[in-house]
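Scroll down for the structure; my scribbles are underneath it.
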Amino acid sequence: VSRAEYQRSLRQSLEQIIEVIAATVDERDSYTAGHQRRVAGICVRLGAELGLDSERIHGLRLAAMIHDLGKISVPAEILAKPRALSRVEFELIKQHPRIGFDIVKDVIFPWPIAQMILQHHERLDGSGYPLGLKADAILLESRILAVADTVEAMSSHRPYRAALGTEVALKEISAHRGITLDAQVVDACLRVFREQGYEIED
């Protein structure tokens, strides 16, 4: 087996592992089934719009596919709760980026996937979690994930509310542009949806 073939085979195995992990998370939480896949689709378009190279976009897509992996540690009744969470329940949910990071941090990927997962709820002004990182301390991929995650979550049905629709989601990210969400990423997202007519896949 040539080195190139070995690398290709290894890469394929990593991708299959990620697909299995994503399916496991979806299986456990039917309400957000497909959420990670749809977020990954948005991330790919945003990455391309921002001029990232194909290899970097590929790593971003794989991270997006498992960004909520840490939710496997959250009790299913909290994930499926049909009303707003209590403060204690929300504190539990807020642990999921760190738990996801802990699960994959020792896997040797060619991309910083564990860090992307850890940082996807960080916000530019330091108001995010779990580390309270600010601005450029947050990976660009995590800033892309943050915007894609917000748009998909608001556009889709959740146990505690009906889908709000894409336009409401785009207005929300516009309101946070340059404050909690990266301005360039928000602008790219608005172009992709409003000018290029991108629609979130089912």
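The values are calculated or read from the model by the stated rules, or taken from the named source; none is laboratory data. The structure presented is a predicted model; accordingly, all values stated were derived computationally and were not measured. So basically every Cβ, Gly included, is an ideal-geometry build from the backbone, and we count neighbours across all protein chains shown. Heavy atoms of the whole protein, side chains included, go into the accessibility calculation; ligands, DNA and RNA do not. Shrake-Rupley method; radii C 1.70, N 1.55, O 1.52, S 1.80 Å.
Sub-8 Å Cβ pairs linking a first residue in segment 109-137 that is assigned to a helix (DSSP H, G or I) to a second residue that is of a type in the set (Phe, Trp, Tyr), at least 6 apart or interchain, are Ala114/Phe101; Gln115/Phe101; Ile117/Phe101; Leu118/Phe101, ordered by first then second residue. Residues in segment 54-83 that are in contact with a helix residue (DSSP H, G or I) (Cβ under 9 Å, 6 or more places away or on another chain) and outside any helix (DSSP H, G or I): how many? The number of residues fulfilling the criteria is 7. For segment 23-37, the count of residues that are outside any helix (DSSP H, G or I) and touching a residue at least 24 places away in the same chain (Cβ under 8 Å) is at least one. From the set of residues in segment 143-196 that are assigned to a loop (DSSP other than H, G, I, E, B) and at pLDDT 95 or above, which is farthest from Met116 (Cα to Cα)? Taking the candidates together, the pick is Gln196.
Conditions tested, residue by residue: (1) of a type in the set (A, V, I, L, M, F, W, C); (2) out of contact with any Cys (no Cβ under 9 Å at 6 or more places or on another chain); (3) open to solvent by 40 Å² or more (accessible area, probe 1.4 Å).
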{"residue": "Leu52", "(1), (2), (3)": "yes, yes, no"}
{"residue": "Gly100", "(1), (2), (3)": "no, yes, no"}
{"residue": "Leu118", "(1), (2), (3)": "yes, yes, no"}
{"residue": "His121", "(1), (2), (3)": "no, yes, no"}
{"residue": "Tyr129", "(1), (2), (3)": "no, yes, no"}
{"residue": "Ala135", "(1), (2), (3)": "yes, yes, yes"}
